[in-house]
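Novice: Can you read through this structure? Questions will come right after.
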Amino acid sequence: MRLIVGLGNPGSRYAGTRHNVGFEVLRELAERNNSPKPARKFEAELVEVMIGGEKVLLLAPQTYMNESGRSVRQCVDFYQTDPEQIAIVCDDKDLEVGRLRWRRKGSAGGQKGLGDILNRLGTTEIARLRIGIGTPPEGWNTADYVLSRFRPDELEEVKRATLLAADSLEDWVRDGVETCMNKYNAAD
């Protein structure tokens with residue numbers, strides 16, 4: 001069984017913020033795959049969908065971003081999920097708004113939610129889809145920036161990226177991370 005984890009912060013205060021793009025992608029996947037209402041389990045919202053004939057869990061940790069690994073660890077332990085069956089969806093402030101970047105493994109690159117997951121699972125060999133939220137403007141504190149909402153002129157690009165990210169996750173389920181890296185990563 002595959003596990004897709006979308007990162008964000010819980011609550012209406014954070015809805016629509018740059019840091020919550022992982023939640024938005026999960027919401028899109030759930031809607032297009034006719035998911036039931038999310039269950040509360042593992043300190044998360046959890047739904048089960050079928051993608052390409054395969055059962056897939058969509059997990060949105062309801063801990064705060066920096067403690068996402070606690071929720072993921074509980075889910076992984078319960079379902080005995082292997083790291084190669086997991087994909088993490090998170091924001092990346094070092095990518096331009098709307099740009100997607102798949103990676104097979106590697107460091108957290110400063111993304112604290114991803115870092116907590118890698119630390120608690122004890123491996124960096126987990127696929128991840130980073131979605132660009134843009135670089136903080138000069139003079140902005142990074143924490144304030146990632147918790148800010150997208151500007152009106154960015155919203156169309158963010159919506160496009162959300163839809164494309166959901167497409168890419170469906171491809172990941174069917175064809176694996178290598179296909180996604182080749183198909184969705186812009187030239188590095």
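Novice: Going from most exposed to least, what order do Glu24, Glu154, Glu96 have by accessible area with a 1.4 Å probe?
Specialist: Glu96, Glu24, Glu154
Novice: Relative to the compact globular guide of 2.2 N^0.38 Å, what is the alpha carbon radius of gyration of the chain, as a ratio?
Specialist: Working it through for the chain, the quotient is 0.94.
Novice: Right, something else. Could you work out [θ]222 nm for the chain from helices alone, using -39500 (n - 2.57) per DSSP H run of at least four and dividing by all its residues? Round to the nearest 500 deg cm²/dmol.
Specialist: -11000 deg cm²/dmol
Novice: Note the direction-averaged projected area, equal to a quarter of the hull surface, for the Cα convex hull of segment 94-137, in nm².
Specialist: Computed as one quarter of the Cα hull surface, the answer is 3.0 nm².
Novice: Over all directions, the average projected area of the alpha-carbon convex hull for segment 37-101 comes to how many nm²?
Specialist: 5.7
Novice: If only Cα atoms are counted, what is the Rg of segment 88-188, and what is its Dmax, in Å?
Specialist: Here Rg and the maximum Cα pair distance are 13.9, 43 Å.
Novice: In what order, largest first, do Tyr64, Tyr14 sit by accessible area if the probe radius is 1.4 Å?
Specialist: The residues order as Tyr64, Tyr14, largest area first.
The values are calculated or read from the model by the stated rules, or taken from the named source; none is laboratory data. Computed from a predicted structure; not experimentally measured. The accessibility values were calculated without ligands, DNA or RNA, using every heavy atom of the protein model including side chains. Shrake-Rupley method; radii C 1.70, N 1.55, O 1.52, S 1.80 Å.
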